[in-house]
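Rule-based calculations on the coordinates, nothing more; no lab input. On a predicted model such as this, the values are computed, not experimentally measured, just so you know. Here the Cβ is made from the backbone with ideal geometry for all residues, glycine too, and neighbour counts use every protein chain on show.
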Amino acid sequence: MNRRIFYIAMLVVLVASLVGCGPKATSSGKIKVGLSFSDFATERWPVEAAQMTQLLHAKGYEVIVQEADHDVKLQSDQIDNMVSQGIKGLIVIAEDGDAAVTPVEKAVAAGVKVISYDRLIKTPKIAAYLSFDNVAVGKAEADGVVKALGLDTGNATWTTANPVKMVLSGGSPTDNNAVLVRSGQMEVLQPYIDKGVVKVVADQWVENWDAAKAEAMMENILTAQQNKVDAVVASNDGTALGELQALAAQGLAGKVPISGQDATADGCNSIVKGQQTVTVFKDTRLLAPKAVDMIDALIKGQAPSGLQTFTMAALTNDKTKTGDVQAAFLPVVEVTKANVYDVIVKSGFQTYDNVYRGIPADQLPPRP
């Protein structure tokens with residue numbers, strides 16, 4: 001059983017057990033912690049929901065899990081409802097970092113400790129923000145594409161007369177991470193754009209990080225550009241794989257470098273098949289336990305370890321934002337075909353069989 005299926009199954013059992021407790025849970029005397037997820041369509045969220053639920057149970061907490069199916073109002077209502085049920089801690093994966101401000105500030109006013117998990121909620125009233133270094137994610141994505149094109153070594157193919165025709169594919173415009181990822185991408189790409197050896201022929205953002213929308217967007221771009229696209233800097237594996245469907249239909253998959261992040265099973269499999277060029281490994285196995293330790297400390301009136309102070313302006317790349325936030329950022333790793341075995345498979349983040357499915361037996365590396 002692969003890691004995602006295992007954790008989804010575990011989540012179903014855990015949630016079912018909570019539902020089954022009914023009235024008993026309210027008289028258990030246990031402190032309640034809420035988990036508010038933007039969606040469960042994103043591969044990693046059910047995994048992390050199950051992981052956090054298990055870890056919080058082990059610490060003696062009662063856990064309420066809610067998933068909003070990309071519905072901003074529903075997520076707000078769910079947060080309000082959890083507060084009314086008496087939660088003392090809340091971990092939020094926000095669908096919209098601006099829209100989540102209102103319910104979160106209401107929760108804080110009611111005495112709830114709130115952690116903004118992976119996606120920033122744009123209020124300094126959160127107790128902490130925990131994520132990966134999203135600027136570094138963007139840098140790694142762009143770096144992988146730049147190296148695949150040979151731009152870093154001065155590939156003579158690319159000149160001001162014949163620049164790389166590049167597509168920029170941002171993540172969901174309501175996700176602050178997408179903004180930070182783009183800023184990291186541009187740190188790498190801007191010098192080549194300024195030199196005239198890279199020309200951005202399309203710059204679009206993918207609502208909800210939706211693969212189908214990314215595919216449709218890429219189909220339109222390819223039509224407009226008459227298939228003359230040399231590279232795609234996509235912001236996660238899901239959107240990259242959608243865009244690869246459009247590229248494959250035109251015989252361009254494996255010919256046009258394309259980036260992603262999350263080191264999903266499908267993304268890594270695409271990399272070993274020579275289609276997706278690079279992904280960015282964010283070891284989410286470390287994030288959920290850290291969030292649980294942080295919320296546990298906050299509820300107990302203790303200061304979580306490893307936090308640093310950042311301005312909201314810096315975290316949002318928006319100078320109009322005010323206030324400070326306590327935050328911690330975990331490191332990321334750039335992954336290509338050259339190191340996917342060592343970084344992803346040997347570490348157990350994805351299984352050997354999932355990463356190498358469909359690869360001829362004579363091309364398979366040894367099992368770790």
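Structure above, values below:
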| quantity | calculated |
| --- | --- |
| Dipole axis of the chain (+1 Lys, Arg; -1 Asp, Glu on Cβ), positive-most option in 364, 347, 129 | 347 |
| Pairwise centroid distance, computed over Cα atoms, of segment 69-87 with segment 95-128, Å | 12 Å |
| Residue-averaged [θ]222 nm for the chain, counting only DSSP H segments that reach four residues, each worth -39500 (n - 2.57) | -13000 deg cm²/dmol |
| Semi-axes of the equivalent ellipsoid for the chain, Cα gyration tensor, largest first, Å | 38, 24, 17 |
| Sequence of 256, 206 once ranked by neighbouring C-beta atoms within 10 Å, starting from the fewest | 256, 206 |
| Footprinting exposure proxy for 123, 336 (fewest neighbouring C-beta atoms within 10 Å first) | 336, 123 |
| Antiparallel DSSP beta bridges within the chain, as percent of all bridges there, nearest 5 | 15 percent |
| More than 12 angstrom apart: percent of Cα pairs within segment 119-158 | 68 percent |
| Label-zone membership for segment 43-66, site residue 293, 7 angstrom Cα→C-beta point, backbone N under 20 Å | 48-61 |
| Long-range HN-HN contacts of residue 67 with modeled amide H, under 5 Å | 37 |
| Residues of type aspartates and glutamates that residue 165 reaches as a straight line, Cα spacing below 19 Å, ignoring anything fewer than 8 places off in the same chain | 141, 143, 152, 187, 194, 203, 215, 219, 230, 243 |
| Given 199/282; 113/139; 73/122; 88/125; 213/319; 113/319, the pairs whose alpha carbons are separated by over 22 Å | 199/282; 113/139; 213/319; 113/319 |
| Selection from 183, 40, 331, by position along the positive dipole direction of the chain (Cβ) | 331 |
| Cα gyration tensor, segment 39-151 - rounded (a/c under 1.5), prolate or oblate | prolate |
| Segment 102-232 - convex hull of the alpha-carbon atoms, volume per residue in Å³ | 113 Å³ |
| Fewest-first ranking of 259, 116, 76, 183, using other Cβ atoms within 10 Å as the exposure measure | 183, 76, 116, 259 |
